[in-house]
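Contents: one structure, followed by commentary.
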Amino acid sequence: MAQPPSAPVSQPHGLRGDYSRAAADYTVSQDWERYTPEDHAVWAALYRRQLELVSHYAAPEFLSGTRALGASAARIPRFEVVNEVLAGATGWRIVAVPGLIPDQAFFDHLAQRRFPVTVWIRRREELDYLVEPDVFHDFFGHVPLLTNPVFARFMQAYGQAGPKAMATAGGLRMLSRLYWYMVEFGLIRTTAGLRVYGAGILSSKGETVYSIEGAQPQRLRFELARVMRTDYRIDAFQRTYFVLESFDELFHACYGTDFAPLYLRYGSDEPLAADARLPTDEVLSADTQPR
Ligand code: HBI
Ligand code: FE
């Protein structure tokens, strides 16, 4: 007889929220052998479902990155195997962490071309929604674009911008909005139409479709100061998405740019509402012409 869904199959990977074994930089060992058959089965269910969906909605650079990583639905990937691919592509590597880590440690990892990936995986009851990152969000959502030299270089520059942001009033909030809108929830215009590259969208079944096809959200051309001034929602689908012309556009807006004048000008202001519309906004309709 089949087990009832609530029966504990086996103990899941025990590092969920366990920071006691972390090093000073918050890294842990992945301990891949500790993933249970149920952990791998949850990965498989998420990976299969989402790969099929994002093949229709994701940016081509994300999809080619996904293929390059050589991960599959069969097993949660071994980080050391993936690191061979990343090393050759961009010199990045992923490091295992127990979950969210303090801002300063996070920035420092990025500045050193290390992307922190959460080790544990959600339970089956949490397939569609999780408030914190797990290995599926971090790996499936974030790691593919680390094979892209331009995007990877932007991520390093983002990390390098951390210390100054933390030392300036309102700076950290503004820099975090850049991450939110351009790393977690970014869209990009392609020759085929609007596509998704943001990790928060691509690891979510509902938001992948909504961000491209939804009638409610507004899609605005990327503009650095506009993004950094805009409040965001962590508990619902976004009201606004910002759209890149290319990863070069993001890189050139940020690399070598001193954000200090922006922090000084806007850092103490109330943010723009998540659904604000300014006269200067360039709105892209859902059926935006392909580039
Ligand atoms: N830690 N593991 C992890 N993943 C994140 O995305 C993350 C974090 N710590 C801080 C953080 N993000 C953000 O607050 C920074 O972008 C500012
Ligand atoms: Fe994320």
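What follows draws every value from the coordinates through simple rules; no lab data is involved. As the structure is a prediction and not an experimental result, all values here were calculated from the model. All Cβ positions, even for glycine, are placed from backbone atoms using ideal geometry, and neighbour counts span all protein chains on display.
Conditions tested, residue by residue: (1) away from ligand 1 (no atom under 15 Å from the Cβ); (2) without any contact (Cβ under 8 Å) to a residue 40 or more places away in the chain; (3) buried (at least 19 other Cβ atoms within 10 Å of the Cβ).
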| position | (1), (2), (3) |
| --- | --- |
| Asp18 | no, no, no |
| Asp25 | no, no, no |
| Pro37 | yes, yes, no |
| Ala44 | yes, yes, no |
| Ala74 | yes, yes, no |
| Asn83 | yes, yes, no |
| Ala87 | yes, yes, no |
| Ala96 | no, no, yes |
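Looking only at residues that are among the aliphatic types (A, V, I, L, M) and more than 11 Å from Val143 (Cα to Cα) in the stretch 66-84, which one is nearest to ligand 2 (Cβ to nearest atom)? Before you say what the answer is, go through the steps one by one.
Within the stretch 66-84, the first condition is being among the aliphatic types (A, V, I, L, M), and the residues that meet it are 68-69, 71, 73-74, 76, 81-82.
Imposing the further condition that a residue be more than 11 Å from Val143 (Cα to Cα) reduces the set to 73-74, 76, 81.
Details: Ala73: 21, Ala74: 24, Ile76: 17, Val81: 22 Å.
Only one residue fits best here, namely Ile76.
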Leu130 vs. criteria free of Cβ contacts under 8 Å to residues at least 12 places away in the same chain and touching a Lys or Arg at 6+ places or on another chain (Cβ under 8 Å): yes
All positions within the stretch 180-199 that are surrounded by fewer than 23 Cβ atoms within 10 Å (Cβ to Cβ) and either within 16 Å of ligand 1 (Cβ to nearest atom) or assigned to a helix (DSSP H, G or I) (or both): Trp180, Val183, Glu184
Options Phe237, Phe242, Phe247: the member that is under 15 Å from Phe154 (Cα atoms), touching a residue at least 12 places away in the same chain (Cβ under 8 Å) and in contact with a helix residue (DSSP H, G or I) (Cβ under 8 Å, 6 or more places away or on another chain): Phe247
Hey, Ala152 away from ligand 2 (no atom under 16 Å from the Cβ), of a type in the set (Gly, Ala, Ser) and either in a helix (DSSP H, G or I) or buried (at least 21 other Cβ atoms within 10 Å of the Cβ) (or both) or not: no
Filter result for Gly171 (touching a residue at least 60 places away in the same chain (Cβ under 8 Å) and over 15 Å from Phe259 (Cα atoms)): no
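Would you confirm whether or not the stretch 113-122 contains a residue that is among the aromatic types (Phe, Trp, Tyr), closer than 22 Å to Asp258 by Cα and within 11 Å of ligand 1 (Cβ to nearest atom)?
No, the conditions are met nowhere in the stretch 113-122.
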